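**Student:** Quick one: structure below, then a few questions.
Bear in mind these aren't lab numbers, they're just calculated from the coordinates by the rules spelled out. Small disclaimer: the values here were computed from a predicted structure and weren't measured. Every residue, glycine among them, receives a Cβ derived from its backbone with ideal geometry; neighbour counts consider all protein chains shown.
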Amino acid sequence: MAENFGRPRSLFVSRRFAAQLCLSRATPKPARQAVDARRKREMKRMAGKLAGITIALGMSLGGCASIQSVIDAQDTANAADQHAGAARARADEAYGIGSDARAIGNNALSSAQQANEKADATAADVDQLERRVSNLENRPQPQKKKARPHRRALPPIGQPNPSNS
């Protein structure tokens with residue numbers, strides 16, 4: 001850590017920063033842009049070199065795969081492909097079964113709706129019949145005539161009346 005030499009920390013400025021500050025103020029704008037462009041090119045070049053070194057180091061340390069490991073990897077990939085194909089077939093079958101179930105459900109729904117409509121119509125008929133029965137029950141009944149004794153027919157003229165005997 002650099003010493004402040006008795007100056008407050010906020011006033012302490014490093015020599016390098018002061019030189020850059022003075023340089024950036026002293027140079028005209030196009031010159032500063034040229035310097036910035038040169039720095040960007042240098043950074044890109046350095047990044048490219050670093051990437052190349054990293055890849056070379058990784059390849060040298062990693063090495064190449066053996067023939068047996070390549071064969072094993074291919075066998076594993078083939079087995080995974082077969083499992084994926086079987087899973088796809090089962091999924092297609094399940095989709096077909098689901099479609100059939102949906103069709104059956106739709107048929108059941110339409111049948112239930114038709115039955116509901118018939119039930120509503122029947123309920124309306126029952127309500128109408130109940131009102132008619134209620135009207136008939138509440139209607140005043142005609143009064144019954146008194147029972148009169150039965151009269152026998154009179155015998156024809158000239159014959160004796162049996163009730164007088």
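**Student:** For region 54-165, just the Cα atoms, rotate onto the principal axes and tell me the three extents in Å, largest first.
**Tutor:** The Cα atoms of region 54-165 stretch 154, 32, 16 Å along their principal axes.
**Student:** Which order, highest average first, do 136-148, 89-101 follow once you tally other Cβ atoms within 10 Å for each residue and take the mean per peptide?
**Tutor:** Going by the mean number of other Cβ atoms within 10 Å, highest first, we get 89-101, 136-148.
**Student:** Below 18 Å, Cα to Cα, which aspartates and glutamates can residue 44 reach? Residues fewer than 8 away in the same chain don't count.
**Tutor:** Reachable aspartates and glutamates: 36.
**Student:** Residue by residue through region 114-130, what is 3J(HN,Hα) from phi via Karplus (6.51 cos²θ - 1.76 cosθ + 1.60, θ = phi - 60°)? Round to whole Hz and write x for glycine and proline.
**Tutor:** Once θ is set to phi - 60°, the couplings for region 114-130 become 5, 5, 5, 4, 5, 5, 4, 5, 5, 4, 5, 5, 4, 4, 5, 5, 4 Hz.
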